[in-house]
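Written below as structure tokens is the structure these notes are about.
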Amino acid sequence: MSKTWIIPDIHGCAATLQTLVEQQIKPNKTDRLIFLGDYIDRGPDSKGVIDFIFRLQKNGYDVSPLKGNHEDSCVKAWNTDKNRNGFWGIKVKSQQQKEWENFGGKQTLKSFDANWPSEIPEKYIRWMDSMKYFVETEKFIAVHAGLNFNIDDPFSDIQAMMWIRDFRIKPKKINNKILIHGHVPVSLELIDMAIQKRTPDFIDLDNGIYMNNKVGYGNLVALETSRMEYKIQTVVDEVRYDKPF
């Protein structure tokens, strides 16, 4: 029987992701892997995360990558940098680059051996920029951050799907399906409570992979949706702790 696995925010932790997939999930090519976004920033190997997902796709695995706010910030910084010139031969960081770097972009640039966003190879940017914002199945909606339930059509607010932090679910607007998302780190205890609940309105899977100095956090979680079972992978990369973004 085919399985569907949902994996939240990875944040540059390529070794952790590879360990989770190859040693715990061990997917078949009939399985589906849904990634909830935030592949980059904070961790040491954002390039490695994307390259690993590229290899999964190249090798015929069913991969559905969604776009997160960190990808959104990276793409904006890249586009701004690509379309600007220095003044009198002096180049300075754009506001977009400064904001991105404050929340982990420095680590992403380093993983690409780059000083400027425009030095990131275009194929990575185009991949980030072309991703979908949500996946809908018979039983659930998967999205990076959440949905804006204050409007008639929550799926029309693309910004909210990448960036929203606070929302109150109105089940009828998503046909009473379970909303599965990341973006806001929660403890393993809260993740377990939501998964074990018979009829959860939502499940937040983000355990804050970079929060390795906080009890109950600092892991990468993968949820298998047919049996509602999950795997926990302790971070094996070197990460930094900073404020959420």
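Read-outs: derived from the displayed coordinates by stated rules, not from any lab. This structure is a prediction, so every number in the text was calculated from the model and none was measured. Here the Cβ positions follow ideal geometry from the backbone for every residue, glycine too, while neighbour counts run over all protein chains shown.
Data table
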read-out	value
Acute angle (nearest 10 degrees) that the helix 46-58 long axis makes with the longest principal axis of the chain, alpha-carbon atoms	60 degrees
Likely footprinting exposure, ARG55, ARG42, fewest C-beta neighbours within 10 Å first	ARG55, ARG42
Placed amide H near ILE141: partners under 5 Å, 5+ positions off or other chain	ILE178, LEU179, ILE180
Highest average packing first - 142-154, 210-222, Cβ atoms within 10 Å	142-154, 210-222
Euclidean distance between Cα centres, segment 178-245 to segment 28-69, Å	17 Å
In order through segment 90-106: 3J(HN,Hα) via Karplus (6.51 cos²θ - 1.76 cosθ + 1.60), integer Hz, x for Gly, Pro	9, 9, 10, 5, 6, 4, 4, 5, 4, 5, 5, 5, 5, 10, x, x, 4
Antiparallel DSSP beta bridges within segment 4-234, as percent of all bridges there, nearest 5	45 percent
Least to most buried among MET131, MET161 (fewest other Cβ within 10 Å first)	MET131, MET161
From phi via Karplus (6.51, -1.76, 1.60), per-residue ³J(HN,Hα) for segment 8-17 in Hz, x at Gly/Pro	x, 3, 9, 6, x, 9, 5, 5, 5, 4
Size of charge dipole - segment 4-234 - debye, nearest 20, with Cβ of Lys, Arg +1 and Asp, Glu -1, no other charges	160 debye
The chain: relative contact order in percent, alpha carbon pairs under 8 Å with at least 6 residues between	23 percent
Kirkwood-type radius of segment 47-156, with distances r between different C-alpha atoms, in Å	15.9 Å
For GLY12, residues with placed amide H under 5 Å, excluding near neighbours	ILE40, ASP41, GLY43
Fewest-first ranking of THR108, THR16, using other Cβ atoms within 10 Å as the exposure measure	THR16, THR108
Pairwise Lys count, segment 50-139 - Cα closer than 20 Å, eight or more residues apart or different chains	29
